[in-house]
1. If you average the C-alpha positions of segment B:90-142 and of segment A:1-80 separately, how far apart do those two centres end up, in angstrom?
2. Per the Kirkwood definition applied to all pairs of different Cα atoms, how many angstroms is the hydrodynamic radius of segment A:11-98?
3. Starting from the Cα of residue A:76, step 7 Å toward the Cβ, then list every residue of segment B:162-194 with an amide N under 16 Å from that point.
4. Would you order B:10, A:156 from fewest to most other beta-carbon atoms within 10 Å of each residue's own beta-carbon?
5. Quick check of the Kirkwood formula: for the protein assembly as shown, what is the inverse mean of 1/r over all pairs of different Cα atoms, in Å?
6. Where does chain A land at 222 nm, in deg cm²/dmol rounded to the nearest 500, when only DSSP H runs of n ≥ 4 count, each adding -39500 (n - 2.57), divided by all residues?
7. How many partner chain Cβ atoms sit within 10 Å of a residue's Cβ in peptide A:75-84, on average, as a whole number?
8. Counting only other chains, what is the mean number of Cβ atoms within 10 angstrom of the Cβ of each residue in peptide A:86-95?
């Protein structure tokens with residue numbers, strides 16, 4: 001298995017004095033499905049955004065696909081970013097554009113000059129976008145405005161946009177936090193199946209412990225900017241959970257096996 | 001007698017008392033300073049009424065040969081407002097991209113761009129008109145520039161707020177796919193902010209219709225100049241019908257732009 005991503009002693013101080021990451025080190029291999037769990041403010045979002053330099057780090061090294069992230073600038077940075085797909089809690093679509101246009105945004109990193117600016121995509125790209133929407137069960141919404149979709153549908157467009165980039169790594173920032181339980185299951189299933197099929201490594205920030213345990217091949221636990229757990233879901237004992245969330249297990253809303261039985265067929 | 005129960009907090013009551021006292025003192029001080037006396041106004045009210053009823057009423061039409069000229073001056077005023085606002089909007093769009101820390105490729109300069117726009121905005125269009133007339137001479141061209149400057153500065157501010165309100169999330173996601181600055185502008189900021197921009201643009205047209213009448217009076221041409229020349233010629237009854245014409249024009253434009261803005265923001 002090839003190494004895709006490597007964090008070495010990464011730290012981040014924000015200008016307002018917040019010490020978001022302290023000496024974080026971990027690695028992600030090709031095809032892994034890694035969940036990052038931890039309470040709000042533990043640095044989960046900072047980790048994801050430092051990988052594609054949406055947030056610059058203060059100290060340490062991040063190596064992505066053999067390149068040092070902090071050294072990339074301008075054109076090189078754009079090239080690096082297009083290798084990394086990103087999915088957001090609030091979907092972050094351009095709501096006044098059509099679904100197809102939003103999916104094709106995934107190709108912008110590959111386009112230069114006026115073609116990219118005015119969105120003159122190649123027929124090949126358009127075909128691929130439509131195929132992807134087919135795969136996600138969204139083909140009938142190609143020409144709907146993104147604002148007309150439901151939450152689960154918007155997130156599927158977000159997934160399609162990220163996959164359009166042909167990424168090696170997918171970053172998901174609380175992808176199901178704004179969704180109802182049944183849409184959430186669809187989205188998690190899609191993320192797992194699509195990344196597995198394409199051998200894309202996937203890092204997901206999650207608040208739902210049960211989801212993390214069910215889907216991940218590995219879990220990273222963060223607490224106050226430090227990695228306190230890094231291992232397979234089976235090893236996530238009550239002790240560890242208490243250390244991550246800094247409170248006893250009874251005080252946590254963890255969710256039960258009940259979620260698994262939900263039917264995903266009628267989801268929105 | 002028992003103590004009465006107050007209905008509002010004592011501090012609040014004291015605040016109101018202080019506020020009213022200060023307002024009263026200010027009124028007395030300022031009217032003393034400006035020699036304003038309500039009694040003089042009352043004494044002169046006869047002359048004022050006579051002016052309104054005899055000189056202004058009834059509104060009279062200008063000579064038939066002048067009517068096409070008056071109407072075309074209305075068109076000039078409308079055109080002045082529309083064209084200056086349009087050019088200002090295009091310029092303001094490009095400048096506003098550099099005036100927002102969150103999206104500008106040079107975030108450190110954003111503050112200065114905004115400061116410059118604020119400076120331009122705080123000088124009223126009328127003052128700009130006077131400055132430009134003294135240096136460049138009178139004419140619609142100069143009126144155009146005076147309106148352009150103020151509405152440009154206003155729209156920069158309004159556009160920056162629209163951009164920061166609307167497009168934060170989608171700009172981030174396009175950054176993440178590796179899109180360059182102009183790609184982000186054309187593929188995310190413009191489509192998501194276009195309605196907001198148009199709404200501000202229409203509002204600016206409303207403002208500029210009124211402003212272009214005023215700027216016209218001091219030399220910018222259009223219906224303002226026509227009105228001013230009738231007033232100077234003591235033909236108040238004709239001036240009155242032109243004032244009515246201006247009011248009608250402003251109301252019609254307000255209603256049209258108001259309706260369009262409502263449609264756009266739906």
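1. The distance from the Cα centre of segment B:90-142 to that of segment A:1-80 comes to 41 Å.
2. Numbers: mean 1/r = 0.0681 Å⁻¹.
When all Cα pairs of segment A:11-98 are included, the Kirkwood radius is 14.7 Å.
3. Under cut-off, by backbone N: nothing.
4. On the way: B:10 8, A:156 26.
In order of increasing Cβ crowding within 10 Å: B:10, A:156.
5. On the way: mean 1/r = 0.0353 Å⁻¹.
Answer for the protein assembly as shown: a Kirkwood hydrodynamic radius of 28.3 Å.
6. Details: 9 runs with 87 residues, N = 268.
The helix-only estimate for chain A comes to -9500 deg cm²/dmol at 222 nm.
7. Working: counts 2, 0, 2, 6, 1, 1, 6, 4, 1, 3.
Whole-number average of other-chain Cβ neighbours for A:75-84 is 3.
8. Details: counts 5, 2, 5, 1, 5, 3, 10, 5, 12, 5.
Per residue, the average neighbour count from other chains is 5.
Values in this text are rule-based calculations from the coordinates and carry no lab data. No experiment lies behind these values; they were computed from the predicted model shown. Counting neighbours? That spans all protein chains shown, and the Cβs are built from the backbone with ideal geometry, glycine included.
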